[in-house]
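Only one structure is covered here, and it is reproduced in the block below.
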Amino acid sequence: MNAPPPIAAERIPNHLAWAILSAIFSFCLCCFVGGIPGIVAIVYAAQVNGKLDRGDVDGARRASDTARTWCWVATGLAIFGLLLNVWGYMTGGTEEYLEMLEQMQQAQQTAV
């Protein structure tokens with residue numbers, strides 16, 4: 001008979017909620033490039049519980065640490081994107097963008 005895998009004496013966090021939130025916010029605030037680290041964090045966070053169930057405590061710890069690192073990267077990019085958005089709003093970048101769109105639409109209408 002196979003013995004059940006040993007139960008980990010310590011609790012190893014999977015950081016899955018943080019990974020999901022950082023992926024969403026970095027996608028919204030920092031475009032597609034910002035969301036890639038969030039997706040990587042989700043992948044590693046999802047591996048933690050499975051490795052613990054198989055008794056691979058060291059592997060679960062490594063996956064948890066890696067997930068945490070990628071969560072920090074995604075969170076940093078989300079904060080950076082938020083700061084860029086605030087800076088653009090404060091400096092009138094939104095108005096310049098809308099003005100540029102209007103000029104492009106006028107150019108398309110005159111070309112037709």
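What the phi angles of the range 26-38 give under the Karplus curve with 6.51, -1.76 and 1.60, with θ = phi - 60°, is a coupling list of 6, 5, 6, 9, 10, 6, 4, 4, x, x, 4, x, x Hz, glycine and proline written as x. Given the options GLY92, GLN47, ALA78, identify the residue whose Cα lies farthest towards the positive end of the charge dipole of the chain (+1 on Cβ of Lys, Arg; -1 on Cβ of Asp, Glu). The Cα lying farthest towards the positive end belongs to GLN47.
Computed from Cα atoms, the angle from the helix 57-90 axis to the main principal axis of the chain rounds to 20 degrees. Shown is the FRET efficiency for ILE79 and VAL43, computed with R0 = 22 Å from the Cβ-Cβ distance and rounded to the nearest 0.05: 0.50. When P(r) over Cα pairs in 10 Å bins from 0, in percent is calculated for this entry, the matching label among (i) 11, 38, 31, 15, 5, 1; (ii) 15, 49, 31, 5, 0; (iii) 15, 27, 21, 16, 10, 6, 3, 1, 0 is (iii). Couplings 3J(HN,Hα) for the range 41-47, derived from phi with the Karplus relation 6.51 cos²θ - 1.76 cosθ + 1.60 (θ = phi - 60°), are 4, 4, 4, 5, 5, 6, 7 Hz, where x marks Gly and Pro. Using C-alpha pairs under 8 Å with a sequence gap of at least 6, the mean separation divided by the residue count of the chain gives a relative contact order of 29 percent. Only DSSP H runs of four or more residues enter the estimate; each adds -39500 (n - 2.57), and after division by the residues of the chain the mean residue ellipticity at 222 nm equals -29500 deg cm²/dmol.
Values quoted throughout were computed directly from the atomic coordinates according to the rules given, and no laboratory measurement underlies them. On a predicted model such as this, the values are computed, not experimentally measured, just so you know. Virtual Cβ from ideal backbone geometry, glycine too; neighbours counted across all protein chains shown.
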